[in-house]
Amino acid sequence: MSDEPLPVSPPPLDPIVEPVPVAARPRPGWVVPLAAGVAGLIVGAGGVGLAWGLTGSGPTLASTATSTAAATFTLTGTMEVAGAAHWRRVSTQCEGTGGYDDIAEGTSVTVYSASGTVVGTGRLTNGVVFGSACSLSVMVEKVPVGADFFQVEVSHRGKLTLSAADAKAGKFAGSLG
């Protein structure tokens, strides 16, 4: 044996692979105009908002809410079924029975203007016993102001007329029985 070191051959090298260039996908023709349009819309809206903010003009939430609230009111009142034979207790409430069974919680209430146009719809709620009568609450929200009088119809029972002042004051009162 010899004392000379054995020659060590270097490990084989991996072949060098050149990357294959990938062709860029062409951009559709609508992308740039769309991006420019969106950017223009954002800048334009921001400019209008800034102008309104600096000048104090333009719509505000407070003024819009006030004008809408001032232009309408809630018509309230009662619809009564008189005579103990014409109504019944249902849980903690009451409702009409027999020929008055359409007078109950959820029954429709329609409000008409002086010209006969429907200007609001609501429902009967909360039937309460008062002596020998069953009284249900009437509530119709967002009735527009401006009419001299209104007509109110509960279910199909015919229209009852009341002045605009009484309607705004919650003085609607209908009765059956």
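If the condition is being outside any strand (DSSP E or B), surrounded by 16 or more Cβ atoms within 10 Å (Cβ to Cβ) and of a type in the set (Asp, Glu), then segment 141-167 contributes only 166.
Filtered by the rule that a residue be outside any strand (DSSP E or B) and more than 26 Å from residue 165 (Cα to Cα), segment 67-102 gives 83, 84, 85, 86, 91, 92, 97, 98, 99, 100, 101, 102.
Across segment 85-123, the number of residues qualifying as at negative phi, surrounded by fewer than 15 Cβ atoms within 10 Å (Cβ to Cβ) and of a type outside the set (D, E, K, R) comes to 10. In this structure, residue 155 does not satisfy being more than 30 Å from the chain's Cα centre (by Cα) and hydroxyl-bearing (Ser, Thr, Tyr). If we scan segment 108-120, do we find a residue that is touching a residue at least 60 places away in the same chain (Cβ under 8 Å) and either more than 17 Å from residue 71 (Cα to Cα) or assigned to a helix (DSSP H, G or I) (or both)? No, every residue in segment 108-120 fails to be touching a residue at least 60 places away in the same chain (Cβ under 8 Å) and either more than 17 Å from residue 71 (Cα to Cα) or assigned to a helix (DSSP H, G or I) (or both).
No lab work stands behind these numbers, since they all come straight from the coordinates. Keep in mind the model is a prediction, meaning the values are calculated, not measured. Cβ coordinates were reconstructed from backbone atoms using ideal geometry, including for glycine residues, and neighbour counts include every protein chain displayed.
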